[in-house]
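Heads up: the structure comes next, in structure tokens.
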Amino acid sequence: MKHPGLAEHLSLDGIGCGSIGRNLCATAPHARLAGKDNYPRRASLLLLALLLAGFSLPAHSQNPKPDWRAQVAEAMPLLGHRNWVLIVDSAYPLETSRGIETVETDADELTVVRSVLDSIHASRHVRPVITLDSELAFVPDQDAPGVSAYRAQIGKILQGYEVQSQPHEAILKAIDKEGRVFHVLVLKTNMAIPYTSVFIRLDCKYWSEDAEKRLRAKMSAANKVGIKQHSGTE
């Protein structure tokens, strides 16, 4: 089978003077000599032409799409308190805030949720605070076939986690605001049921909310004592 485009570059003696052949003829005029003794040289030049043609392959065939799991693993050490990871359905909008990064996974949403939670669980520094659309509880099967099965499946996956619910628009506004300052990783899935997105706000694993409240209470008490002492010296 002939390589496409080579026929127009090859002459009867096997050495062409087309776009590739002219360069070869200019640099190696003695290669035009015919005969059995010149066959290895002609074969080498033909191989060189094939190699040069290979460099013209489309860039996308040489640069495969990165694996979303690898992207999550790469991002996790960098993410921390107040960053977000969103696992969203296929109709979730592409947002323009500078801190929001969207990755197309082309994967099942429940698979992505499990993988992300496993990655967070394996980290030493962050824990998930999960928010679901409050609309999800009211979506009927007649309007969105499969939604009841999804509710049961996602409930089982999220069992034991801290889960909140808010209206979808309120969550979008919060994400838009956070994305102006903090990084938000959006993993888009092939899910085709509405209000199924899982919004994960990352919090510090080694510092609890209760510990934060106790810290603030001590700071507030110390501040009050300082004010009283300052007032007593006036």
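Bear in mind that the values in this text are calculations on the coordinates, not laboratory data. These figures come from a predicted structure and were not determined experimentally. Methodologically, a virtual Cβ is constructed for each residue, glycine included, from the backbone with ideal geometry; neighbour enumeration extends over all protein chains shown.
The aspartates and glutamates whose alpha-carbon is closer than 14 Å to the alpha-carbon of LYS224, local same-chain residues fewer than 8 away aside, do not include any residue. Here the peptides 110-117, 168-175, 90-97 are ranked by packing, the mean other Cβ count within 10 Å, and the order with the highest first is 110-117, 168-175, 90-97. Beyond 29 Å in Cα-Cα separation lie the following of the pairs LYS156/LYS205; LYS177/LYS213; LYS156/LYS213; LYS173/LYS213; LYS156/LYS218: LYS156/LYS213; LYS156/LYS218. Rounded to the nearest 0.05, the FRET efficiency derived from the C-beta distance between CYS204 and ALA91 at R0 = 22 Å is 0.10. Normalising by residue count, region 132-231 has a Cα convex hull of 160 Å³ per residue. Of the chymotrypsin sites (Phe, Trp or Tyr not before Pro) found in region 154-234, those that fall in a DSSP loop while having at most 10 other beta-carbon atoms within 10 Å are TYR206. Once the Cβ-Cβ distance between ASP118 and LEU47 is put in as r, and R0 is 35 Å, what FRET efficiency do you end up with, to the nearest 0.05? Efficiency computed from Cβ-Cβ geometry: 0.10.
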